[in-house]
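Accompanying notes for the structure given below.
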Amino acid sequence: MSALSTVRERFFSQSRRSEDLTIGIILLALVVAFWILSPPGSFLSVANIKNIGVDASELMILSAGMTLLLIAGGLDLSIGSVVIFAAVLSAKTINAVAGTGPDTGPLAYHHLGLAIAAGVAVAIASGVAWGLFNSFVILRLKVPPFIATLAALGMALGLAEVISSGTNVSGLPLPLQEDFGLGEAFGILPWPIVTAAAVTAVLWVLLSKTRFGLRTYALGANVESARRAGIRVDRHMLTLYVLMGALAGIVSVVDIARFGTATLAAHSQDALSAISAVVIGGTSLFGGRGRMFGTVIGVLIPAVLLNGFVILQIESFWQNVAVGAVLIVAVYIDQLRRQAGPST
Amino acid sequence: MTLLAARGIRKRYGQVEALRGVDLEVGDGEVHALIGDNGAGKSTLVKTLSGVISPDAGELELRGAKVHFHGPRDAQGAGIETVYQDLALAPSLDAGANIFLGREPLRGGVRGRLGFLDRSRMRQEASVALADLGVELPSLEAEVGTMSGGQRQAVAVARAAVWGTALIVMDEPTAALGVRQTEVVLSLIRRVCEQKGVSVLLISHNMAHVLEVADTVTVMRLGRRAAVRRAADTSLEELTLLMAGLGGDAEPDAEAEAEDER
């Protein structure tokens, strides 16, 4: 019995490693394919790699948070609208504090530092507020997360439209865009990439090294056993939803800095893109299982696909088709692996 | 010596009076079995002892001192650990994480204050606890969900043995197990009791198992204690009759009824 179990266990720990390997290989294959097919020096140039990184940065931040949420057995469909809501409020705050209009040249902004600090604070605070709202509906009113955050998806967008009277908020101070959105840290790495990398690193450590991370897994694995083990389940879930909201706030700052405007029409697919990236990375939709490494790959795959298609002058619409196919393949492989083992 | 005494415990769920003034005395360092037919009130009594429910009336004494449990944490704080029938394990975590869940050791210094886990200590102490009980697992890194029923039971018992300092309550530990795994778990129960010096309260409806491992048997019937027997002085036949309400001491029932009338 124990010999068989040992073999089984060995198979499993190896197959878990090989699962990480599988999506890693898919990503590597894509990179190699685009490198061969693209004109020399286009796809694998430093500038283009930075492009891919910047394009992936916002989805990376959201997906890192979604990884924790899905592992804990939660779900948040509202993040895209929360990003818009936070962007609108933040942009309005920055404009109000810094002053706007053609009379003020790029160097003439008053209180620029203060304006940006206030904008960041407002962005994160509005994200946190939506996280608290979602927590209240899910944990107190006991509305399932799918429904609760679907409702918040509509409400946050609607309120953003009310606040902005349905128009994009533009005219943000140019230095915000030039120095942060399009700027590079120490002239090396674009700020959006630095921000995404820092957020991901912190959440990676939080998930894999800390008590909070272990309890996040425990909640998703068996919420009742977590409760009986004395873990304050509701407080833990509240923290995760608030964290998710705060991350949406950070993303909104990156977004308005990159584009110089708070756009109402963007981000409608953010939640689904994040969930598919996380699932491609091997995290279970049913909780209890998942790793940040997989999520990083799961975010890079669609980014590389889109970038490669643009360089090869394939219509970018095909990216959606390709990502859908990758999602199915990733989940199919995951199911095969699970069927091979004992049922739990 | 009496470790835990429950006196006159009552609990009503709507129209149903699950416990009607039940008494229970568990001695120090013994395996005490609690048996009874379905609906006798065993589970409700166990939930009272593990702090999951608060009784409507009656008192609990631990080592002669009155105790009140307002939740499982209180009972755990008093040294009472419960192995639930569904084991309450997290299937995607390993044995160490399951044993320490909710009471995870942290690293020293700044990292500890930031909530960093001491994984090597978790793994090492789990391995010692399992070895002490003679439990062999395929690997300490294996997910509990991939283990056999007996191995999972062993992990749940090991968790209780690590933390329980007074009493370990086991609710139907062999109900879902095959014959061989049942043997393993029964000997595990005795080992926990003898090595750790704690008492074990074993809830079961399998009287053969009860007679095999228990020192003392309390029979419950209709929310009351029907009889107490030393395992060595009783038999399958007698226990069966007692559970069915035939024969045995009439006193506890009479006492309870007298109380009812008052």
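Bear in mind these aren't lab numbers, they're just calculated from the coordinates by the rules spelled out. What you are looking at is a predicted structure, and each value in this text was computed from that prediction instead of being measured. Ideal geometry is used to build each Cβ from the backbone, glycine not excepted, and the neighbour counts take in all protein chains shown.
Only Cα pairs under 8 Å and 6+ residues apart enter the sum, and on that basis the relative contact order of chain B stands at 26 percent.
Out of every Cα pair in the range B:1-114, what percent are spaced more than 25 Å from each other? Roughly 35 percent, once rounded to a whole number. Counting only alpha carbon atoms, the long axis of helix A:191-209 and the longest principal axis of chain A meet at about 30°. Residues A:136, A:43, arranged from fewest to most other Cβ atoms within 10 angstrom of their Cβ, appear as A:136, A:43.
Just to confirm a number: summing +1 for Lys and Arg and -1 for Asp and Glu over residues other than residue B:76 whose beta-carbon lies under 12 angstrom from that of residue B:76, what do you get?
Details: positive: A:228, B:73, B:103, B:159; negative: B:74, B:81.
Net local charge, residue B:76 excluded: +2.
Among A:191, A:130, sorting on how many other beta-carbon atoms sit within 10 Å of each Cβ, with the fewest leading, yields A:191, A:130. Computed over the range B:48-177, the quotient of the alpha carbon radius of gyration and 2.2 N^0.38 Å is 1.15. Our coupling estimate for the range A:81-90, obtained by passing each phi through the Karplus curve with A = 6.51, B = -1.76, C = 1.60 and θ = phi - 60°, is 5, 5, 4, 5, 4, 5, 5, 4, 5, 5 Hz, Gly and Pro reported as x. About the centre of its Cα atoms, the protein assembly as shown shows a dipole size close to 1020 debye [charges on the beta carbon of Lys, Arg (+1) and Asp, Glu (-1) only; nearest 20 debye].
Given a Förster radius of 22 Å and the C-beta distance between residue A:184 and residue A:333 as r, what FRET efficiency does 1/(1 + (r/R0)^6) yield to the nearest 0.05?
0.05
Taking only the Cα atoms of chain B, the radius of gyration and Dmax are 19.2, 65 Å.
Multiplying the residue separation of residue B:190 and residue B:175 by 0.36 nm and subtracting their alpha-carbon distance yields 3.7 nm.
Spatially close Lys pairs in the protein assembly as shown, defined by Cα atoms under 30 Å apart and a spacing of eight or more places or different chains, total 12. When the charge dipole of chain A is built from unit charges on Cβ atoms (+1 for Lys and Arg, -1 for Asp and Glu) and taken about the Cα centre, the candidate among A:185, A:259, A:67 whose Cα reaches farthest toward its positive end is A:67. Computed over chain A with a Gaussian network model linking Cα atoms closer than 10 Å, the most mobile of A:45, A:135, A:164 is A:45. In chain B, a dipole from Cβ-located charges (positive for Lys and Arg, negative for Asp and Glu) runs towards its positive end, and of B:227, B:168, B:4 it is B:168 whose Cα lies farthest in that direction. Helix A:112-135 and the longest principal axis of the Cα set of chain A meet at an angle near 40°.
Working from the alpha-carbon coordinates of the range A:186-225, get Rg over Rh, Rh being the Kirkwood radius. So for the range A:186-225, dividing Rg by the Kirkwood Rh gives 1.27. Hydrophobic, long helices, defined as DSSP H runs whose alpha-carbon span along the helix axis is 24 Å or greater and whose mean Kyte-Doolittle value is at least -1.0, occur in chain B at B:179-196.
Note on chain A: with charges restricted to the Cβ of Lys and Arg (+1) and Asp and Glu (-1), its dipole about the Cα centre is near 1560 debye.
Based on the Cα atoms of the range A:70-174, what semi-axes does the equivalent ellipsoid have, where each is the square root of 5 times one gyration tensor eigenvalue, given in whole Å with the largest first? Display every interim value, and only then the final one.
Details: eigenvalues 215, 36, 17 Å².
Whole-Å semi-axes of the equivalent ellipsoid: 33, 13, 9.
Judged by the ratio a/c of the largest to the smallest principal axis of the C-alpha gyration tensor, the range A:139-218 counts as oblate, that ratio being 1.5 or greater while a/b is no larger than b/c.
If each residue's Cβ is checked for other Cβ atoms within 10 Å, how do A:124, B:168 rank with the fewest at the top?
Ordered from fewest to most neighbouring Cβ atoms within 10 Å, A:124, B:168 come out as A:124, B:168.
The mean sequence separation of alpha-carbon pairs under 8 Å and at least six residues apart, normalised by the residue count of chain A, gives a relative contact order of 32 percent.
Considering only A:163, B:65, A:297, the residue lying farthest towards the positive end of the dipole of the protein assembly as shown is A:297, judged by Cα position with unit charges set on Cβ.
As an exercise, take the mean of 1/r over every pair of distinct alpha carbons in the protein assembly as shown, invert it, and state the Kirkwood radius in angstroms.
The Cα-based Kirkwood calculation yields 27.6 Å.
Rounded to the nearest 10 degrees, the inclination of helix A:211-221 to the longest alpha-carbon principal axis of chain A is 60 degrees. The three principal axes of the Cα atoms in chain A give end-to-end lengths of 81, 57, 33 Å, sorted in falling order.
Length available on full extension from residue A:313 to residue A:142: 0.36 nm per residue minus the Cα-Cα distance, which gives 56.7 nm.
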